[in-house]
Amino acid sequence: MNDGRPSPDALLAEAERENRGRLKIFLGAAPGVGKTYEMLQSGRAKLAEGVDVVIGVVETHGRKETEALVSGFEIVQRVETDYKGRKLEEMDLDAILARHPQLVLVDELAHSNAAGSRHPKRYLDVEELLSRGIDVYTTINVQHVESLNDVVAQITRVRVRETVPDSIIDRADDIEVIDITPDDLLKRLHDGKVYVPTTARRAVENYFSPGNLTALRELALRRTAQRVDDQLLSHMQSHAIAGPWAAGERVLVCIDEHARGPSLVRYARRLADRLRGPFVALNIETARTAGVSDAGKDQLAASLRLAEQLGGEAVVLPGQHIATEIVRYAAANNVTHIVIGKPQKPQWREWLQGSVSHELIRHAGDISVHVIAGAAEQGAKPGAGLTHVTPPRFELVPYLWSTGYVLVALGAGLLLDRVLDVTNIALVFLMAVLAAALSFGLGAALFASLLSALALNFFFLKPLYTLNISDPESVIALGFFLGVAFIASNLTSRVQRQAAAARQRARTTEDLYLFSKKLAGTGTLDDVLWATAYQIASMLKVRVVLLLPENGSIAVRAGYPPEDMLDEADVAAARWAWENDRAAGRGADTLPGAKRLYLPLKTGRTPVGVVGLDNDKPGPLLTPEQRRLLEALTDQAAVAIERIQLVDDVERAKLAAEADRLRSALLTSISHDLKTPLAAILGAAGMLREPPDGLAKDDEAELLGTVVDESERLNRFIANLLDMTRIESGAMAPNAGLNFVGDIVGTALQRTRKITAGHRVQIDIPSDLPMLNIDPVLFEQVLFNLVDNAAKYAPDGTTILLKGWADGSSVVLQVIDEGPGIPTEDLERIFDSFYRVRKSDQVRAGTGLGLSICRGFVEAMGGRIIAANRQDRSGAIFTIRMPIPQQATDMDELK
Amino acid sequence: MSNSGVRILVIDDEPPIRKLLRMGLGAQGYAITEAGNARFALEALEAERPDLILLDLGLPDISGHDLLARWRDDGLDLPVVVLSSRTDEAGIVRALELGADDYVTKPFGMNELAARIRVALRHRLQQQGERPVFVTGGLSVDLVKRIVRVDGREVKLSPKEYDILRLLVQHAGKVLTHHFLLEQVWDSTTDVQYLRVYVRQLRQKIEQTPDQPRYITTETGVGYRLAEADPIEPASSGQN
């Protein structure tokens, strides 16, 4: 952005930098320039300043001056690992993390760790240290830098295997180039001050030639300058200083399965660096790709991985025609430079099949095309778990079948010979060739062609039964036959391959579609997980476990085949993958010793879980297509998981909203029930205090009556509220004991005397009812509420009847009134808090709590209460059923 | 009856309640001293000894129960009627066991309170023995001869039933806790239901409608209370 605002990326990078440790790299052109020495010197200076410095790992190689510098530092002991009988010592990452110094010195950034270490490379260890906020000083030689690896190899003819990705160099906060003149270095070498592994003596002599050293030195300086440039640019961007911004360049490198892929990628990276733009590695998948050998596929995957490691993007697109697809992609993505390898095919093949680079150059339009030679790598590039290359097995069967087809054609031809002439017989053989092509592909078809030609020659061309041909026309005809046969074989086998590829793709798409449908129908999280695990397992032929976050860590939630126990290495790898949002485990950069490969599952940005894969075959777990398929499946699964979690959230939100609604309804109701009697009391009392003129004596008495009645009503309501609170808060500790129901009925009626003043109260309870195990206070309240309820709804003058009897193992008590009864649909709901029957137009004032308190208390005492309507006339019957305790029968013997 | 000269110490932290009590009890002829908290109450006790204490259990500084305990330990021999909230049966029982004579639950009616105060005063000021035969309504109990009559008819009571009735008569008008009755009639380890059974049997013998008793009332969760003795004809004097 040129508008004077700091670029967001730069700001973000700067913010991230705040929390990370600072990395300072001591970069040398060659071994022996004194990087370790300089690092230790700097470390010393920091120590003198009071900074907490420790040594993580420093290789002194027996040099006295270096050893002298080491003394005085706290050294974190290395951890010993046993590798094939040899004892190796590696930097103890965990110890350093636990120690958590401000600064740690780590020598030889490009070193590979012994098997069994958490990370396979030391630079990954350093990355982890940095991410925890520990500063690091480290050393590295220029030939270890990934993008410069092949340039250095070109210069020195020595290819170094241990490389460090450029991203580390670019992320370093400081780079110090340790530079001495080549002459000085050579002098040091001869003085024996340079460490040289004895195994590489000869190569080293070549290495340390003055010319080489000068070139390396220049390379180191140039790389550092570039880095400084970048830092300056980044600083300018983050502080919105106007400057010569990069001109929006974009580099595209086209790679295929050839061995020169990595060098093309590195070239692209260097080009992109110079142009200050991003780069993309593109591979076009055609029908031919399906027939590429495993080694070729691995090489392609490695080249793509390298591109990603070097900070570029890796893209694979399907297409028919490579050059067209490349140009299309380039145009759509504002590519300004295309890098492609020089054609390596012999000219005649080029003529036959066309050359991608030539077509590209012709159709590239404004885009610059860089055609470079690129050097094939010696041996396989160590990528993510490459296997040994197994050459394609030679299968005999197709060739036997082809022979069979030709023989059949021969037979048919001989028969038809009576009728047709030679040229048409040729067509019969052509059929055999086509059949072979359709069934077995190009190789068998070509074989069939040759065989057919021979058969034609032998059996049908004069002179017969010899391979000689007398007729010149026949030769031409035979030649044309062969030509046609070849072309037909080629076309047919290509069509066959394409059809097979299309079928496979259609099958995959179908599977994905079905999976998507299945996921759409799942309701619970477990269903999604099981469906996903099964799908991944069956489509990719691997074993799957799915892990989701739980209690701050991650735990197995599903697996196919079912599995829920992981061993320690696997648990560590899964957790690392979850915490760092990167792949870990088998074949990955981190914890490669784990049994499975763990990949984070995420929807867009938010991580959802981790998937672990494993199979019994050694070597790479997934081919690139399988990898992409896995991504498609896990994307769908992640979305489904997220959907379910969102549904859960919505449910919870709905419940919370419902609870809120109920709460506010409750408050409104309580407020009304409190305010109504208060209003009456205040009104009446106010009038009594300041009587309006003309207030009669009777009115006075009535007003006073109102005050007393409403006060009592308010009192009852508050009592109910308190009871309800007791029930709801679970603070109900019924003080149960054996009691006589009759007694409690008596005390309850005593309290309701005033309320039932206008009704007739009848009691029909035998005096020999067994005692019940109840709390007298609670039971009395239940009866009080029931009678109060009856009095409220039954009109004055009617009878309220209390009936009781023993019924086998329980005692039944009924409160029966002559009121309007209860609507059938409300018979259960009236026991809900604050439910009031709104049937009549007069909304009966008073609490809606009484009945729910009854139920609460009765059930707390082990009984049941139900409501019903009278059958003989209108009215309600409330029935309480209480169990007769065993002890009660013993009490009767006392009398 | 005249209550003049009888002083009641009202201890309650709510001014409206104190006002109400002053007016209500004052109208009955009692002299009232007010105290808003335990400290003032103790000062008032020092200053002038009242004849009865009306104590609210929910005081701000020292709880009513602690005051009762202190008075019991100090050997204070004054009748105490406590005011408590409805659902606090446990607190009421505890207060009674700590020496309170009776209780009233809030909100209370003035008549009920007056009756409790009257009974408490009577039992402290006088022994029941002055009265040869206890009479309330149709029930008459001769403690000396151990004869119980209901509406003139003699009623035969078992020893335990009689003991219960005797205790109730000796504290007629006052509440007796379950615990107190159990302790006196059996021992403190006996279960309450035994008491309930015997009281029921007693009621069935002396009450017209045992389930709605006139003489022996149930104080739910607290204990039992026998109705006050009938007032003696105005002709005799000296009795409260």
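The values are calculated or read from the model by the stated rules, or taken from the named source; none is laboratory data. On a predicted model such as this, the values are computed, not experimentally measured, just so you know. All Cβ positions, glycine included, derive from the backbone under ideal geometry; neighbour counts span all protein chains shown. Each accessible area value is taken on the protein alone, full model and side chains, heavy atoms only, with ligands, DNA and RNA left out. Shrake-Rupley method; radii C 1.70, N 1.55, O 1.52, S 1.80 Å.
Pairs of Cα atoms in the range A:677-789 fall into 5 Å distance bins, from 0 up to the last occupied one, in shares of 2, 10, 15, 16, 15, 13, 10, 7, 6, 4, 2, 1, 0 percent.
Interface area, chains A and B: about 2000 Å² of buried accessible surface, summed, with a 1.4 Å probe and ligands, DNA and RNA left out. Over every Cα atom in chain B, the radius of gyration and the widest Cα-Cα span, Dmax, amount to 18.4, 54 Å. For the segment A:744-754, counting C-beta atoms of other chains within 10 Å of every residue's C-beta and taking the mean gives 3.
Does the range A:524-626 classify as rounded, prolate or oblate by the C-alpha gyration tensor (a ≥ b ≥ c root eigenvalues; a/c under 1.5 gives rounded; else a/b over b/c gives prolate, otherwise oblate)? Note, shape of the range A:524-626 comes out rounded. Computed from the C-beta positions of A:K64 and A:R222, the FRET efficiency with R₀ = 35 Å rounds to 0.55.
With contacts taken as Cα pairs under 8 Å at a separation of at least 6 residues, the range A:278-368 carries a relative contact order of 32 percent. Length gained on full extension, A:E690 to A:L674: 3.3 nm, using 0.36 nm per residue less the C-alpha separation. Comparing the full protein assembly with the isolated chain (1.4 Å probe, heavy atoms, ligands and nucleic acids excluded), the residues of the range B:193-214 losing at least 10 square angstrom of accessible area are B:Q193, B:Y194, B:R196, B:V197, B:Y198, B:R200, B:Q201, B:R203, B:Q204, B:D211, B:Q212. Normalised by residue count, the range A:450-599 yields a Cα convex hull volume of 196 Å³ per residue.
The phi-based Karplus calculation (6.51 cos²θ - 1.76 cosθ + 1.60; θ = phi - 60°) puts the 3J(HN,Hα) values of the range A:878-886 at 9, 10, 10, 10, 10, x, 8, x, 4 Hz, whole numbers, x for Gly and Pro.
Here the calculated FRET efficiency for B:A90 and A:D649, from their Cβ-Cβ distance with R0 = 41 Å, stands at 0.35, rounded to the nearest 0.05. Run the Debye formula on the Cα coordinates of the protein assembly as shown, all scatterers equal and no solvent, and tell me log10 I(q)/I(0) at q = 0.08 1/Å. Cα-only, vacuum Debye calculation for the protein assembly as shown: -0.94. Taking all protein chains as they are arranged and a probe of 1.4 Å, the heavy atoms of B:K106 leave approximately 60 Å² accessible to solvent.
Spatially, the range B:49-70 and the range B:84-119 are offset by 12 Å when compared through their Cα centroids. Can you tell me the relative contact order of the range A:640-743? Whole percent, Cα pairs under 8 Å, sequence separation 6 or more. Normalised by residue count, the contact order of the range A:640-743 is 26 percent. Net charge of the neighbourhood of A:L714, taken over other residues with C-beta under 11 Å away and scored Lys/Arg +1, Asp/Glu -1, is -1. Cα convex hull, the range B:111-229: 107 Å³ per residue, rounded to a whole number. The convex hull built on the alpha-carbon positions of the range B:50-102 has an orientation-averaged projected area of 3.5 nm². Modelled spin labels at A:K342 and B:R146, positioned 7 Å past Cα toward Cβ, are 13.7 nm from each other. When only Cα pairs below 8 angstrom with a gap of at least 6 residues are kept, chain A shows a relative contact order of 7 percent.
Placing B:L76, A:L396 in order of accessible area, with the largest value first and a 1.4 Å probe, yields A:L396, B:L76. With all protein chains kept in place, the per residue accessible area of the protein assembly as shown amounts to 50 square angstrom at a probe of 1.4 angstrom.
Once the Cβ-Cβ distance of A:T509 and A:E395 is raised to the sixth power relative to R0 = 22 Å, the FRET efficiency obtained is 0.15. Ordered by solvent-accessible area of protein heavy atoms (1.4 Å probe), largest first, the residues A:R557, A:R873 come out as A:R873, A:R557. Can you bin the range B:1-139 into rounded, prolate or oblate? Criterion: square roots of the alpha carbon gyration tensor eigenvalues sorted a ≥ b ≥ c, rounded for a/c under 1.5, prolate for a/b above b/c, oblate for the rest. Cα axes put the range B:1-139 in the rounded bin. Contact residues in the range A:777-802 by the 40 Å² criterion (accessible area, 1.4 Å probe, full protein complex versus chain alone): A:V777. Take each complete run of DSSP H in chain A, measure how far its Cα atoms stretch along the helix's own axis, and keep only those covering 20 Å or more with mean Kyte-Doolittle hydropathy at least 1.6; list them. Those that clear 20 Å and a mean of 1.6 are A:422-440.
The portion of the accessible surface of chain A made up by carbon and sulfur, rounded to a whole percent, is 55 (1.4 Å probe; DNA, RNA and ligands excluded).
Shown here: the range A:13-94, whose C-alpha atoms stretch 46, 30, 29 Å along the first, second and third principal axes, sorted largest to smallest.
Note on A:V708 and B:A69: their simple-model spin labels are 4.0 nm apart, each label 7 Å out from Cα toward Cβ. One Cα centroid belongs to the range A:427-482, the other to the range B:136-214; the line between them spans 131 Å. Across the range A:460-524, counting alpha-carbon atoms alone, Rg and Dmax equal 25.4, 81 Å.
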